[in-house]
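Just below is one structure, and these are the notes that go with it.
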Amino acid sequence: MIPSIQIIYASHTGRNQAIAGHLQAQLAARAQTVITEISQADAFDLPNADAVIIACYTYHDGELPDEAQDFFADLQDVDLERTKFAVLGSSSKQHLHFGRAVDYLTMQLNSSNGEQVADSVKIDQDPDDDDYQRIDQLAQQVLKSFGI
Ligand SMILES: Cc1cc2nc3c(=O)[nH]c(=O)nc-3n(C[C@H](O)[C@H](O)[C@H](O)COP(=O)(O)O)c2cc1C
């Protein structure tokens, strides 16, 4: 089986966009992947994918980025029908609510009847080697959930 995996990202200064691209490169050999910027993503389309991975930064005071708000609101009305998912994000430990957007998205995707197949990953600013290992592990766990 070749799963279709939607990779959705929110990125202001490019880190999460680069993480999304890295994930796509990791998955490309064994999955069909599409990358979408979050303001262009349709939450109601997610049940059509086999899995969704969201990479999102945190903004304001521990909030989702503005451009992610519509997607997040729509997500509350979606039944993911056990679509597999994983969440990660570069944000910054210099802020009080480190990576809070990752927590919000993880909670909402679970509430919307998704199946979480990897622990969520928070990255402090630019990913280092350890972070890339955790990102790659997340990608492997998504693939493993399909038995590949
Ligand atoms: C105005 C502002 C507010 C931020 N607020 C938070 C925050 O509350 N929590 C957090 O973890 N990071 C916060 N960040 C840090 C960003 O999430 C971090 O720089 C992230 O790596 C940006 O990702 P991007 O390069 O994909 O845009 C904030 C950054 C800015 C500029």
Taking +1 at the Cβ of each Lys and Arg and -1 at the Cβ of each Asp and Glu, which of VAL52, LEU96, ILE135 sits farthest along the dipole of the chain towards its positive end, judged by Cα position relative to the Cα centre? ILE135
As I understand it, the dipole of the range 4-144 uses +1 on the Cβ of Lys and Arg and -1 on the Cβ of Asp and Glu, about the Cα centre. Which of TYR9, ALA29, LEU109 lies farthest toward its positive end? ALA29
Within 15 Å, Cβ to Cβ, of ILE53, how many net charges do the neighbouring residues add up to if Lys/Arg are +1 and Asp/Glu are -1? -1
If a/c stays under 1.5 just call it rounded; otherwise compare a/b with b/c (prolate if a/b is bigger, oblate if not). Do that for the chain, with a ≥ b ≥ c from the square roots of the Cα gyration tensor eigenvalues. oblate
222 nm [θ] for the chain, helices only, -39500 (n - 2.57) per DSSP H run of 4+, per residue, to 500? -10000 deg cm²/dmol
Would you tally the net charge around HIS95, using a Cβ to Cβ cut-off of less than 11 Å, leaving HIS95 out, and scoring K and R as +1, D and E as -1? -1
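Laboratory data are not the source of any read-out in this text; all were calculated from the coordinates shown. Quantities reported herein were computed from a predicted structural model and do not represent experimental measurements. Cβ sites come from the backbone with ideal geometry, for glycine too, and all protein chains shown count toward neighbours.
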